[in-house]
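Notes to accompany the following structure.
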Amino acid sequence: MVSDDLKRKAAEAAMSEVKSGMRIGLGTGSTAKHFVDLLGAEVAKGFQCLCVPTSEATAAQARGLGIPLTTLDDIDSLDVTVDGADEIDRDFQLIKGGGGALLREKIVAAASARMIVIADDSKLVESLGRFALPIEVNPFGLAATERAIAGVMAEFGALGGKAVRQGEGAEPYLTDGGHYIVDASFGRISNAKALSLALLEIPGVVQHGLFIDLCSEAYLATPKGTIKLSEHVNYNPLIS
């Protein structure tokens, strides 16, 4: 089974968590895209929901499927957010931001009663850090911000370098909020909470891709079926 098939299997399993009438956060990325497609098919059958997208790309996809959208300016909370992850560890800590939407993803997840991750099983890791950590930064004073990030990387014993993410052509990648992303290769992250606080102390850092104390459940698709992980029972039987 190819990876995209696994991503869809994870999204299919997570559909069991959404009920008609819910307010739902819609994630961004290749796995979340499957969930939005599946939700759109249910909406076409009469499923009732009100959704907040985490990126302009997801918003466009949802509108095309007839999914009703709102914003966190108009509602104060969400029942659940379903989103992908670049990495997830056994403490339900995540690295996100490979798709460039980490700031909005974190805002939406924080406004939700529950965050459910959907992914293929390759995203489950013993320790975060194999995937470069996306750090969203303000373009103003970029060199100063990069120097400060380098200082934090040295303090935490980072094993790799960093680079401003490139978009099309020679220009830096620009997030939906008009920011740049610095991808920092830490290697094994032994204290994600301390690293999170250190990065947020840098004035030019808008947000970063460490998601801590936000996710409580995950559906991980394997070639043999889908595993549900929760904070209470880490390894449930295969459910599909």
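The values are calculated or read from the model by the stated rules, or taken from the named source; none is laboratory data. Quick caveat, the model's predicted, so the values are computed rather than measured. Glycine also receives a Cβ, built like all others from the backbone with ideal geometry; neighbour counts cover every protein chain displayed. In case anyone asks, the SASA skips ligands and DNA or RNA and just uses the protein heavy atoms, side chains included. Shrake-Rupley method; radii C 1.70, N 1.55, O 1.52, S 1.80 Å.
A count restricted to the stretch 1-23 and to residues that are outside any helix (DSSP H, G or I) and modelled with pLDDT of 95 or more stands at 6. What about Ala57, is it in contact with a Ser or Thr (Cβ under 8 Å, 6 or more places away or on another chain), open to solvent by 40 Å² or more (accessible area, probe 1.4 Å) and either closer than 19 Å to Glu136 by Cα or without any contact (Cβ under 8 Å) to a residue 12 or more places away in the chain (or both)? Answer is yes for this residue. So Val182 clears everything in (1) free of Cβ contacts under 8 Å to residues at least 24 places away in the same chain; (2) buried (at least 20 other Cβ atoms within 10 Å of the Cβ) except one condition, right? Which one? Checking Val182 against (1) free of Cβ contacts under 8 Å to residues at least 24 places away in the same chain; (2) buried (at least 20 other Cβ atoms within 10 Å of the Cβ), the one that fails is (1). Applying the condition of being among the basic types (Lys, Arg) and more than 24 Å from Ser3 (Cα to Cα) to the stretch 29-80 and asking which residue is farthest from the chain's Cα centre (by Cα) yields Lys45.
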